[in-house]
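Input: a single structure, listed below in structure tokens.
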Amino acid sequence: MTMTDRTEDDALLEDFFVAARARPPQPSAGLMARIVADAAALAPKPPAPAPRRRTGGGWRIGDFFGGWSAMGGLATAAVAGVWIGFAGADRFGSVAGGMLGLDQTESSVNLLPDGAGLALLTDN
Amino acid sequence: MALDLTGEASDEALLVLYGNGDAAAARELSARLAPLCHRVAMRMLADRAEAEDVAQEAMLRLWRIAGQWRSDEARVSTWLYRVTANLCTDRLRRRRGVGIDDIPEPADGQPGVADRMMAADRAAALEKALSLLPERQRQAVILRHLEGLSNPEIAQIMEIGVEAVESLTARGKRALAQALAGRREDLGYDHD
């Protein structure tokens, strides 16, 4: 192919590229709604306030480990892993939350009342 | 939020906000970035249903990693281009391959179709010609000439060197020119 041919080809193609750039395919409203719904379902929750210890009956997972204050970060993460398995992965979006709730609204994915998460581990 | 600065925030800043639970940031990001995923997927796959699936999956992956996004890493748009391109590659490899020799027939000639056709027809002709290219050439041409990205950015997206990008775009353009040149008259292409 000669240089002249290449230049003519580029000129030919540029007309097509210009036409195509002027007409980008647009996402449908349905697609946009699904994407926004996915974002809502996977939105990380702001961290719960630090729970205050209260005496009282009932099962508290922290009791198994001698209390939260006795646990280091690694043990806390291990407990969190147990909690994720217990309560469902949807509240921890970066772990496995994407597997759930693609067709559901935020309110239908949460298994716990808002804010109840970590507090339930030590409060009753 | 007391102030609505989402319109001026960078994609990266919005992603961090979303990672901290800001729903408005996600809506702004969706408005900015979902069209990117969808547009590239449509041009790569030429199938609306598949393109929508790819776009939704690419954005889903973005939402999932938002909490770990590091602002000193690649730009969000670069990351999304790469994820979208890889998802399209997966889909294309599942389809039966189509060879470059399968040149499309010229549009059926109605009497008087020697008239100049609308630019929309040129866009459609390009879309069809693109679908004939090998996937990597198609990807490079779309990113360079339809998305307007630089060769270094395309190299990042496709995870190859800049020279490889240039080679792919050159070969892709030659093949496109071959496919489209046969339709110059049909498409009202008046160069002399």
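The values are calculated or read from the model by the stated rules, or taken from the named source; none is laboratory data. Fair warning: this is a prediction, and the values are worked out from it, not measured in the lab. Every residue, glycine as well, gets a Cβ built from its backbone with ideal geometry; the counts of neighbours run over all protein chains shown. Accessible surface is based on the protein model in full, side chains and every heavy atom, while ligands, DNA and RNA are left aside. Shrake-Rupley method; radii C 1.70, N 1.55, O 1.52, S 1.80 Å.
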**OP:** Report yes if A:Pro51 is modelled with pLDDT under 95, touching a Ser or Thr at 6+ places or on another chain (Cβ under 9 Å), at the interface with chain B (Cβ under 7 Å from one of its Cβ atoms) and not in a helix (DSSP H, G or I), otherwise no.
**Re:** no
**OP:** Quickly run through region B:40-54 and pick out the residues that are buried (at least 19 other Cβ atoms within 10 Å of the Cβ) and free of Cβ contacts under 8 Å to residues at least 12 places away in the same chain.
**Re:** B:Met42
Original post:
Residues B:Glu73, B:Glu135: which one is open to solvent by 40 Å² or more (accessible area, probe 1.4 Å) and at pLDDT 55 or above?
Top reply: B:Glu73
Original post:
Quick check: is even one residue across region A:25-44 at pLDDT below 85, facing chain B (nearest Cβ under 7 Å), crowded, with 18+ Cβ neighbours inside 10 Å and not in a helix (DSSP H, G or I)?
Top reply: yes
**OP:** Would you confirm whether any residue within region B:3-17 is facing chain A (nearest Cβ under 10 Å) and not in a loop (DSSP other than H, G, I, E, B)?
**Re:** no
**OP:** Find the residue count for region B:159-189, including only residues that are more than 13 Å from A:Leu13 (Cα to Cα), open to solvent by 20 Å² or more (accessible area, probe 1.4 Å) and modelled with pLDDT under 95.
**Re:** 2
Original post:
In region B:58-70, which residue that is buried (at least 20 other Cβ atoms within 10 Å of the Cβ) and more than 14 Å from B:Ala13 (Cα to Cα) is nearest to the other protein chains (Cβ to nearest Cβ)?
Top reply: B:Met59
